[in-house]
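Down below is the structure, laid out as structure tokens.
The values are calculated or read from the model by the stated rules, or taken from the named source; none is laboratory data. Everything numeric here is computed off the predicted structure, so don't read it as measured data. Cβ: placed from backbone, ideal geometry, glycine included. Neighbour counts: every protein chain shown. Side chains are part of the model used for accessible areas, which takes the heavy atoms of the whole protein and leaves out ligands, DNA and RNA. Shrake-Rupley method; radii C 1.70, N 1.55, O 1.52, S 1.80 Å.
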Amino acid sequence: MVIRILNANDAETYQKLRLRALRDHPEAFLSSYEDEKDMPLAMVQTRLQADQNRFTLGAFNDNGELAGIVTFIRENREKVKHKGLVVAVYVSPEARKLRLGFALMEELIARAAQLEGVEILNLAVMSGNEAAVRLYESLGFTCYGKEKKAVKIGDTYYDDEHMSLDLSERRTF
């Protein structure tokens, strides 16, 4: 398994996996398959431009196929730039037993912890997604709240659990 920051050259492969995630698990993302299915590849390439405030990690299986993704976005307003968001987490079903999600999150946490001034990571996970909640808890995230009716698809509502990780508790000096 190889985990690395994705770049514009990965846009086509990333878009394919992202659309699969949106199609197969619409309740887990704020974007929808319909929102992104016709997105120009140039826009995807722009999204994958990494810097100190944003990066997307990709996990590649032993066959060199992109099998998992996660994005870090640093808050940009002065009073909250000590926080980062973990978004767009997805691991293909074929790779879930390989602990790819754990490895991706460990890498994201390690990279975020190296960014000057980033102290907190926040994420939202759909209530009832017990596997994801267990994963995040195993990495030290704790739940600090629940948002009722966070997502609506048709006539069905989904709640989100908001989780946080204090990076200062993980750093070793």
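Some points to look at:
- Looking only at the range 17-27, and only at residues there that are touching a strand residue (DSSP E or B) at 6+ places or on another chain (Cβ under 6 Å) and under 19 Å from ALA124 (Cβ atoms), the one that is least open to solvent (accessible area, probe 1.4 Å): ALA21
- Among residues of the range 28-48, those that are under 23 Å from GLN114 (Cα atoms) and either among the hydroxyl-bearing types (Ser, Thr, Tyr) or out of contact with any strand residue (DSSP E or B) (no Cβ under 9 Å at 6 or more places or on another chain) (or both), counted: 0
- Of all the listed residues (ASN9, ASN63), the sole one being free of Cβ contacts under 8 Å to residues at least 24 places away in the same chain and either in a loop (DSSP other than H, G, I, E, B) or among the small types (Gly, Ala, Ser) (or both) is ASN63.
- Scan of the range 131-173 for residues that are within 25 Å of LYS97 (Cβ to Cβ) and part of a helix (DSSP H, G or I), ordered by number: ALA131, ALA132, VAL133, ARG134, LEU135, TYR136, GLU137, SER138
- Count of the range 61-88 residues which are buried (at least 20 other Cβ atoms within 10 Å of the Cβ), of a type in the set (Val, Ile, Thr) and farther than 14 Å from LEU6 by Cα: 1
- The number of residues in the range 48-60 that are touching a residue at least 24 places away in the same chain (Cβ under 8 Å) and either of a type outside the set (S, T, N, Q) or open to solvent by 20 Å² or more (accessible area, probe 1.4 Å) (or both) comes to 9.
- Residue pairs whose Cβ atoms lie under 6 Å apart, separated by 6 or more positions or on different chains, with the first residue in the range 124-137 and under 21 Å from LYS83 (Cα atoms) and the second part of a helix (DSSP H, G or I) and charged (D, E, K, R), are MET126/GLU27.
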